[in-house]
Amino acid sequence: MRVLFAVNPGTSTFLPLVPLAWALRTAGHEVRVAGQPKFADMITQAGLTAVPVGRDLDIIKLFKIYGVTEEQLEKARVGLSPPYDVADDPAKATWRHMLDGYLETVEGYKAENAPMIAGLVDFARHWRPDLVIWEPFTYSGPIAAKACGAAHARLLWSLDVFGIARDHFLRLKAEQPPEERADPLADWLGAYGRKHGFDFTEDMTTGHFTIHQLPASLSDQAGSQHYLRMRYVPHGGPASVPKWLWTAPERPRVALTLGFAATELFSGYTVGVQDVLDSLADLDVELVATVSESEQHKLDRVPDNARLVSYAPLDALAPTCSAVINHAGDGTVLTTALHAVPQLAIGYHFNEPIMARKLAAQGGALRLHPSEATGPNIRESVLRLLREPAFRDGAIRLRDEIRALPTPNELVPHLEELAAKHRTAPR
């Protein structure tokens, strides 16, 4: 097969695609990854073949063009925005709430995707992929797939808040009088369909099928979706293992890791790093705090039992840990879970609060809201994770659940079958 991945620029949304891209390559398929020109370096650093398409979009400049203030950006950072917040609170699933949410969200999708669409369609028609795989923000993917007759699939890096919201929306839409059944997402995608010679179909919103990297205990499903579960395989980009990670720690090791997005897109961490350091300073533990250089200068002191680093590969760090404090980001949670390490999840952005709640309910973790993440609460939570065997038992159950899922390599034959089923253009 020829398989085309389509990605908007973003570290947290690109890295989860890499293991499947490599699985397809090692199975003998041709793989290309299309993205904006400046993102090509990120793609090639993963050992994949990049296809630069369209023009570059500076997301910070885009915010300024639309007049988004730092205060508004920080407010939007809290949890899920409409219409996707129905995944957290189904009571919000009213027609007005959902319609207004889609109206605003689609405007953002237009701005993010417009730089790539024409170039991606041109390349897809030239290269003629059998299958297009796209992450949920990259709607240029299904547009290009429809334009060239390829099968296409979403590859999720999070809970399927997109499919859940779409199910609610379509149910509510069907209840409205015909003249009031607005559909901003379908209208936008349909306009590109008319431009490129095809009609809108609902699969353009969520794919012919969806590749889901979360185990069932950590995810809710959209009833309309055809899911292929896949084991999460950690990939954090180019990295080297520092010498201090070559040997087992002499004391229980606790890691602190708060993800990329907090400093790449937003104004900083929502967890007080100094509070974490101070709260654990007198414990007989080794604290490894991965803190971006832009945040390190905000610290007044680093206790003797803490090691401060700007980055460490989590798939190398997690196996040496007895507990991990994190932001409940999907990749961080899953990488930690693969090594059966109890977690303290302090979720704030997008689906992180839901993930933290599900992780705690599963039994291998505790959770705190950032407003509750005071020094005493962090200390108490870490001590419980270290001392109470139930958390380790829950972490082992989660690890085993993840390991039972098909690896990317094992998923490839299913992708071959589905690509042949849904492809409309002859090869």
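The values are calculated or read from the model by the stated rules, or taken from the named source; none is laboratory data. Owing to the predicted nature of the structure, the values given are computational and were not obtained by experimental measurement. In this analysis, Cβ positions are derived from the backbone assuming ideal geometry, glycine residues included, and neighbour counts consider all displayed protein chains. Please note that ligands, DNA and RNA were not included when accessible areas were found on the heavy atoms of the full protein model with its side chains. Shrake-Rupley method; radii C 1.70, N 1.55, O 1.52, S 1.80 Å.
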- Message: Output the 0 to 90 degree angle, nearest 10, between the alpha-carbon long axis of helix 161-174 and the longest principal axis computed from the alpha carbons of the chain.
- Response: 40 degrees
- Query: Helix 352-362 versus the longest principal axis of the chain: what is the Cα-based angle in degrees, 0 to 90, to the nearest 10?
  - Reply: 60 degrees
- Would you mind calculating the gained length between residue 239 and residue 171 on full extension (0.36 nm times residue separation, minus the Cα-Cα distance), in nm to one decimal? 19.9 nm
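For the range 333-379, take the convex hull of the Cα atoms, compute a quarter of its surface area, and give me that in nm², please. Display every interim value, and only then the final one.
Details: hull surface 13.3 nm².
With every direction weighted equally, the projected area is 3.3 nm².
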- Karplus couplings for the range 321-335 from phi (6.51 cos²θ - 1.76 cosθ + 1.60, θ = phi - 60°), rounded to Hz, Gly and Pro as x? 9, 9, 7, 10, 9, 8, 8, 6, x, 4, x, 5, 4, 5, 4
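Given the Cα-Cα distance of residue 96 and residue 179 and 0.36 nm per residue of separation, how much length would full extension add, in nm? Let's see the in-between values first.
Values: separation 83, 0.36 × 83 = 29.88 nm, distance 1.49 nm.
28.4 nm is the gain from fully extending residue 96 to residue 179.
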- Message: Show me, for the range 114-126, the HN-Hα J-couplings you get by feeding each phi into the Karplus relation (A = 6.51, B = -1.76, C = 1.60, θ = phi - 60°), rounded to Hz, glycine and proline as x.
- Response: 3, x, 9, 4, 4, x, 5, 4, 4, 5, 4, 5, 6
- Based on a Kirkwood Rh over C-alpha pairs, give the Stokes-Einstein translational diffusion coefficient of the range 293-427 at 10 °C and viscosity 1.306 mPa s in µm²/s. 93 µm²/s
- Task: Over 24 Å between C-alpha atoms is what I'm after, so list which of 110/173; 243/298; 146/421; 38/195; 243/358 land there.
- Result: 243/298; 38/195; 243/358
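As a test of understanding, state the convex hull volume per residue of the range 119-231 from its alpha carbons, in Å³. Kindly include the intermediate steps, with their values, before the conclusion.
Working: hull volume 11.4 nm³, N = 113.
Residue-normalised Cα hull volume stands at 101 Å³.
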- Message: Just to be sure I follow the definition: excluding the sites themselves, where is the longest run in the chain that has none of the chymotrypsin sites (Phe, Trp or Tyr not before Pro) in a DSSP loop with at most 13 other Cβ atoms within 10 Å?
- Response: 247-427
- Which of 377, 326, 409 moves the most in a Gaussian network model of the chain with Cα springs under 10 Å? 377
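At 1.4 Å probe size, with the rest of the protein present, what percent of the exposed accessible area of the chain is carbon and sulfur atoms?
Numbers: 9100 of 17960 Å².
Of all accessible area on the chain, carbon and sulfur atoms account for 51 percent.
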- Farthest toward the dipole's positive end in the chain, which of 54, 241, 309, given Cβ charges of +1 (Lys, Arg) and -1 (Asp, Glu) about the Cα centre? 54
- So what's the net charge close to residue 274: Lys and Arg +1, Asp and Glu -1, counting the other residues with Cβ under 13 Å from its Cβ? -2
- Message: Just to be sure I understand the model, the point goes 7 Å from the Cα along the line to the Cβ. What's the resulting residue 396 to residue 199 distance in nm?
- Response: 5.7 nm
- For mean projected area of the Cα convex hull in nm², the choices are [x] 24.5; [y] 20.7; [z] 18.7; which was calculated from the structure? [y]
- Query: Measuring with a 1.4 Å probe in the full set of protein chains, what accessible area per residue, in whole Å², belongs to the chain?
  - Reply: 42 Å²
